[in-house]
1. Is the stretch 120-255 best put as rounded, prolate or oblate by its Cα gyration tensor, with a ≥ b ≥ c the root eigenvalues, rounded for a/c under 1.5, and otherwise prolate when a/b is larger than b/c, oblate when not?
2. So, with +1 on the Cβ of K and R and -1 on the Cβ of D and E, and no other charges, what is the size of the charge dipole of the stretch 120-255 about its Cα centre, to the nearest 20 debye?
3. Counting only C-alpha contacts under 8 Å and six or more residues apart, can you give the relative contact order of the stretch 195-354 as a whole percent?
4. For the stretch 159-237, rounded, prolate or oblate, judged on the Cα gyration tensor with a ≥ b ≥ c (square roots of eigenvalues), a/c < 1.5 rounded, else prolate if a/b > b/c?
5. Taking each pair of different alpha-carbon atoms in the chain once, compute 1/r for the pair, average those values, and report the inverse of that mean as the Kirkwood hydrodynamic radius in Å to one decimal.
6. Could you state the accessible area per residue of the stretch 255-354 in Å², with a 1.4 Å probe and every protein chain left in place?
7. Roughly how many Å is it from the Cα centre of the stretch 290-340 to that of the stretch 239-277, as a whole number?
8. As a test question: what accessible area, to the nearest 10 Å², does F174 have when a 1.4 Å probe is rolled over all protein chains in place?
Amino acid sequence: MKLNIALLPGDGIGPEVIEQAVKVSDAIAKKFNHDINWIHALTGAAAIDAVGEPYPKETHEICLKSDAILFGAVGHPRFDNDPSAKVRPEQGLLKMRKDLGLFANVRPTFTFPSLIDKSPLKRERIEGTNLVFLRELTGGIYFGERGRLDNGNTAFDTCTYSRKEIERLAIKGFELAMKRSKRLCCVDKANVLETSRLWRETVQSLEKNYPEVKVSYEFVDAVAMRLVQWPNSYDVLITENLFGDILTDEASVISGSMGLMPSASVGLKTSLYEPIHGSYPQAAGKNIANPLATILSAAMMFEDTFNLKEEADLIRRAVDSSLEKSIVTEDLADGNKAFKTSEIGDWLAKEILS
Ligand code: IPM
Ligand code: MN
């Protein structure tokens, strides 16, 4: 099969972890006789430095023409410490999500049996956790009207959602629930926010189309708490953009390292796959970052975009086996031998071809 994949490494550790995902994907292509055409494109601070904007038109065109996008991370401390910066790397990510219509961000949280004691949470609380957040990604307060009043001394951001935006995300949630345990949790703040009341109303009106799905409605503050108390009580959760941003970072800790969790952003035109961690500038260029989240994102890409389940499962089995043998980067090494980012990629590629 011919696979056209846009490759956007971005900033910080992005290029290093992407390189390992490419190694692993190329090993898969060799083993299963696929032909991957990687099309490199600029994004984030790297794009600002090269062409003055974080999501150049050329990158957008490459993304539109590709079957899927593999993305590293964006962000640079030079912008974080300068609130007055007019152009920021993160704007590129937001523009990309909006322009490509990537409205559903799929963020799973699961545990690896061999890492269960690395989690800050107790074994009995997290064993068996296997949940998925569907975070709405192109609306809400991230994209609402914002500004300053009162000579700059007052600021506002607004959260807006249309029924249509909620509906298309919720339908994905119901469909996913049907493929899993048929349980769906709608996370909102309907006791306070009007947008949340529209979320609840919209999800309630869809319930009749999925009579087998048991829907629960929970407030975001309560979910934040239950997520660390009994994460294994959840299955599919749907929520708006900002709640999803915060809760998925919280959930990622359950697995033992933020460097482990993959994600997909599913859109109208194409889909994008990326690790849920950020650009981790402190580690950039040191060859120490954990590449597994990006490699597992590539596995999601093989399965979801290309329908290549056997290939995806082989990547996941190789990752499980590396963890069982403690072939891990320093975030998981516990003072034992830590492998380099590139060594993990080499080991997995070899394992896949063995
Ligand atoms: C994420 C990130 C982004 C977000 C930032 C980098 C804009 O935190 O993908 O979760 O807030 O959506
Ligand atoms: Mn985030």
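1. Taking the square roots of the gyration eigenvalues as a ≥ b ≥ c, the stretch 120-255 is oblate.
2. Computed about the Cα centre, the dipole is about 440 debye.
3. So the answer I get is 15 percent.
4. It comes out oblate by the Cα gyration axes.
5. Roughly 20.9 Å, rounded to one decimal.
6. So the stretch 255-354 comes to 40 Å² accessible per residue, rounded to a whole number.
7. 16
8. Per-residue accessible area (F174): approximately 0 Å².
The values are calculated or read from the model by the stated rules, or taken from the named source; none is laboratory data. From a predicted model like this one, the values you see are computed outputs, not experimental measurements. Here the Cβ is made from the backbone with ideal geometry for all residues, glycine too, and neighbour counts use every protein chain on show. Accessible surface areas use protein heavy atoms only, side chains included; no ligands, DNA or RNA. Shrake-Rupley method; radii C 1.70, N 1.55, O 1.52, S 1.80 Å.
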